[in-house]
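Data block below; observations after.
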């Protein structure tokens with residue numbers, strides 16, 4: 001994966017690096033006092049530790065990938081007559097407080113529409129490699145691009161419409177809407193990959209396969225089969241491995257937001 005080394009910038013795109021939290025017996029809310037994510041901010045809550053060499057490398061990589069998504073989505077929005085507003089990035093360890101509530105690393109990376117922030121626990125990448133068998137830098141980039149895809153959905157008003165719709169339907173129907181939202185985010189990750197490669201030649205041999213391996217590894221059917229030995233489609237919230245791979249490919253092939261309308265198709 002070839003992308004220039006720079007950090008996400010421009011106010012909203014700056015990094016907040018939260019180290020400590022539950023690993024060190026610190027209330028994560030302390031780390032967020034005084035305005036989480038102040039430009040250039042790095043919080044020290046009295047007890048912390050320096051980042052390891054690997055964590056520093058990952059933090060730098062995440063920042064660079066986020067910056068590349070900003071380049072692509074600025075261009076894509078501008079081509080459609082719109083303006084892209086950059087998300088903020090929060091790197092945390094163990095647990096974190098967001099506008100969407102208290103989250104632990106077991107949840108994995110997530111995007112919170114309430115504060116427009118992408119939350120990533122760096123330890124997830126080790127789990128992605130060891131537990132899910134999906135190593136590689138582009139597997140990691142796919143995870144970031146998927147969460148940024150949720151930010152794009154938020155900017156376009158899709159997230160709020162889905163949330164409203166889920167409040168008026170039953171659990172199974174609500175889960176089905178969530179699956180469509182997640183698959184669209186996978187597709188938008190593919191749009192970024194195609195656009196970035198076309199503009200900046202970022203892809204190397206094997207990169208797409210790394211992203212597809214990550215998408216497959218975190219499909220609902222595979223996760224359920226590994227954890228319980230059975231699969232319950234009505235409880236899916238993100239889509240099957242096959243669906244996640246297919247929608248990422250769809251974004252790469254179509255290269256536009258319009259090609260990612262997972263709510264307009266009968267069969268996912």
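A few points about this structure:
- The residues on offer are 139, 172, and the sole one that is part of a helix (DSSP H, G or I), touching a helix residue (DSSP H, G or I) at 6+ places or on another chain (Cβ under 8 Å) and closer than 20 Å to residue 197 by Cβ is 139.
- Verdict on residue 193 being touching a helix residue (DSSP H, G or I) at 6+ places or on another chain (Cβ under 7 Å), at pLDDT 95 or above and surrounded by fewer than 19 Cβ atoms within 10 Å (Cβ to Cβ): no
- Test: residue 259 is surrounded by fewer than 19 Cβ atoms within 10 Å (Cβ to Cβ) and assigned to a helix (DSSP H, G or I): yes
- Members of the range 131-144 found to be more than 19 Å from residue 57 (Cβ to Cβ) and either buried (at least 23 other Cβ atoms within 10 Å of the Cβ) or free of Cβ contacts under 8 Å to residues at least 24 places away in the same chain (or both), listed by number: 131
- Scope the range 223-264; condition at positive phi and modelled with pLDDT of 95 or more; matching residues: 239
- From the options 199, 185, 214, residue that is assigned to a helix (DSSP H, G or I), in contact with a strand residue (DSSP E or B) (Cβ under 9 Å, 6 or more places away or on another chain) and either in contact (Cβ under 8 Å) with a residue 12 or more places away in the chain or crowded, with 19+ Cβ neighbours inside 10 Å (or both): 185
- Every residue from the range 51-84 that is assigned to a helix (DSSP H, G or I), out of contact with any strand residue (DSSP E or B) (no Cβ under 9 Å at 6 or more places or on another chain) and crowded, with 17+ Cβ neighbours inside 10 Å: 61, 64, 65, 67, 68, 69, 70, 71, 72, 73, 76, 77
- Positions within the range 219-253 being touching a helix residue (DSSP H, G or I) at 6+ places or on another chain (Cβ under 7 Å), assigned to a helix (DSSP H, G or I) and surrounded by 14 or more Cβ atoms within 10 Å (Cβ to Cβ), in sequence order: 221, 222, 241, 243, 244, 245, 247, 248, 249, 250, 251, 252
- Residue list for the range 85-130, restricted to those being more than 14 Å from the chain's Cα centre (by Cα), in contact (Cβ under 8 Å) with a residue 40 or more places away in the chain, within 20 Å of residue 64 (Cα to Cα) and surrounded by fewer than 19 Cβ atoms within 10 Å (Cβ to Cβ): 85
The values are calculated or read from the model by the stated rules, or taken from the named source; none is laboratory data. Here the structure is a predicted model, which is why all the values come from computation and not from measurement. For neighbour counting, all protein chains shown are included, and Cβ atoms are generated from backbone atoms with ideal geometry for every residue, glycine included.
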